[in-house]
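Where a number appears in this text, it was derived from the coordinates with a stated rule and is not lab data. As the structure is a prediction and not an experimental result, all values here were calculated from the model. Positions of Cβ are generated from backbone atoms using ideal geometry, with glycine treated the same way; all protein chains shown enter the neighbour counts.
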C-alpha cells in the first residue's frame, strides 16, 4: 500500500492544511500527518495542543494518522515510517522555489522517496498559519479568522486568546453587575474549555451570541437573554440529566453575588431552563433562546454534519448501536414537530434546511 507523509508545524492547522490532508487521503492508501518539532522556535500552541487539534480535525479519515518527529530530516523521517512519498503544498512562486530546492536535496538524501506537489484552490491559497495568528487582536478578529480554520481550532483560539472577553465585559457593564467580572469570566471559560466538549464549547457560545445580536430589537430583555446564553451550557456532563438545572443554579449564584436584582436573576434562570427543549415556552424571549440554541440544525450540510460528529465525540462512552438508536429518537422527535422553530424569524431563516439535515442524518444513522 502506498504511503505518504505530509509534514509541517501546524501552528495552527488551517483550512489550507485540511485541504491538503483531504487530497492526500484520497491519493494514498495511508497518510501520516507529522508535526516537525523545532525546539528553538516559539509556537503559539504547544506540541500537545497541536497534536490534539490535528487528531480532531482528521478524525474522519480512516487512513490518516497523526504523529510528530524531532531532529530529523523530513525525507529520513518518511523512510523511517516506510513511506514512499512526501506531500508538499505550493501556494506561491516563493513556495515553489523553496520546495523545488528541497526536493533536490531530499532526492540527494534518499532517492527512494518521491516528492509530490499540490496547489490548493484559489480561495484558500493565501491562508497560512502566520496569517491567522497575525489577525488576532483587533476588534472583530474572532469573526474574521473563523472562516480560515477548522471548528476545533477556532475553539482553541477563543479559549487561548480571550476571544469573547470584550463581549463579556460589555454585558457585565450593561447589567450594572458588581464585583470581579474577571473571576466569573475565567470560571465560565474554564467550564466551556473542558476537554470532553466537542460541540458545547466556546464556539457554540460565540455563534449563539451572534444569533442573539441579529434579533436584539425583537427581544424584550436582550441583556437577560445574553446572560442566559453565557451560562446555559456552563455545566455539561453527557452522563447527567440535570445539566440545565445546574447551569441555572450557577447563573443564579454568580449573578446574585454580582448584585443583580432578584427578578433579573430569576428570569435568566428560567431562560436557561427553557433550553431543555421539553416544551414550547409562552415567554417570547424564552422562545427566541431555544431557537438560538437550535440554530445549528438549519446550518449548511457541512456545518450540520460536523455538529453531528461533535455530538458523537461527546458521547464517545456510549456504544455505537446504542448511540445511533438514541440519536435517531432525538432527531425524530424534533422532526415530528409541526415546526422545528418557535419564532417566525428563525422559521424563515432555518426551518427548510433543518428538516433536510435531520432527514439525512436519520437516514445515515439507520
Compute a Gaussian network model of the chain, connecting alpha carbons closer than 10 Å, and tell me which residue from 232, 17, 207 fluctuates the most.
207
For segment 248-307 and segment 60-105, distance of Cα centres in Å:
47
For the chain, longest principal axis from Cα atoms; helix 262-274 axis from its Cα atoms; angle between them, nearest 10 degrees, is 60
FRET efficiency, residue 26 to residue 186 (Cβ-Cβ, R0 41 Å, nearest 0.05)
0.45
Expressed as a fraction of 2.2 N^0.38 Å, the rule-of-thumb size for a compact globular protein of N residues, what is the C-alpha radius of gyration of the chain?
1.12
Describe numerically, in nm with one decimal, the distance between label points set 7 Å from Cα along Cα→Cβ at residue 42 and at residue 300.
3.6
Euclidean distance of C-alpha centroids, segment 110-184 and segment 308-328, integer Å:
28
For helix 165-174, what angle does its Cα long axis make with the longest principal axis of the chain, in degrees from 0 to 90 and rounded to 10?
10
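Once R0 is set to 22 Å, what does the formula 1/(1 + (r/R0)^6) return for the Cβ-Cβ distance between residue 174 and residue 263, expressed as a FRET efficiency to the nearest 0.05? List each step's numbers first, then the result.
Values: r = 16 Å, r/R0 = 0.75.
E(calc), rounded to 0.05, equals 0.85.
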Please compute the modelled spin-label separation between residue 213 and residue 92, points set 7 Å along Cα→Cβ, answer in nm with one decimal.
3.0
Mean residue ellipticity (222 nm) of the chain, computed from DSSP H runs ≥ 4 via -39,500 (n - 2.57), nearest 500
-17500 deg cm²/dmol
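Determine the relative contact order of the chain: mean sequence separation of Cα pairs under 8 Å and six or more apart, normalised by residue count, in whole percent.
After rounding, I find 12 percent.
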Taking 0.36 nm per residue of separation between residue 333 and residue 144 and subtracting their Cα-Cα distance, the length gained on full extension comes to 64.5 nm
Please give the helix 243-257 orientation as an angle from the longest Cα principal axis of the chain, in degrees from 0 to 90, rounded to the nearest 10.
70
In bins 5 Å wide, starting from 0, what share of all Cα pairs of segment 203-308 does each bin hold, as a percent?
2, 13, 22, 23, 22, 11, 4, 2, 0
Report the label-to-label distance for residue 316 and residue 160 in nanometres (one decimal), using points 7 Å from each Cα along the Cα→Cβ vector.
1.9
Tell me the volume per residue, in Å³, of the convex hull enclosing the alpha carbons of segment 3-130.
104
Share of pairwise Cα separations in segment 234-360, more than 24 Å, in percent:
37
Among 122, 309, 50, whose mean-square fluctuation peaks in a Gaussian network model of the chain (Cα, cutoff 10 Å)?
122
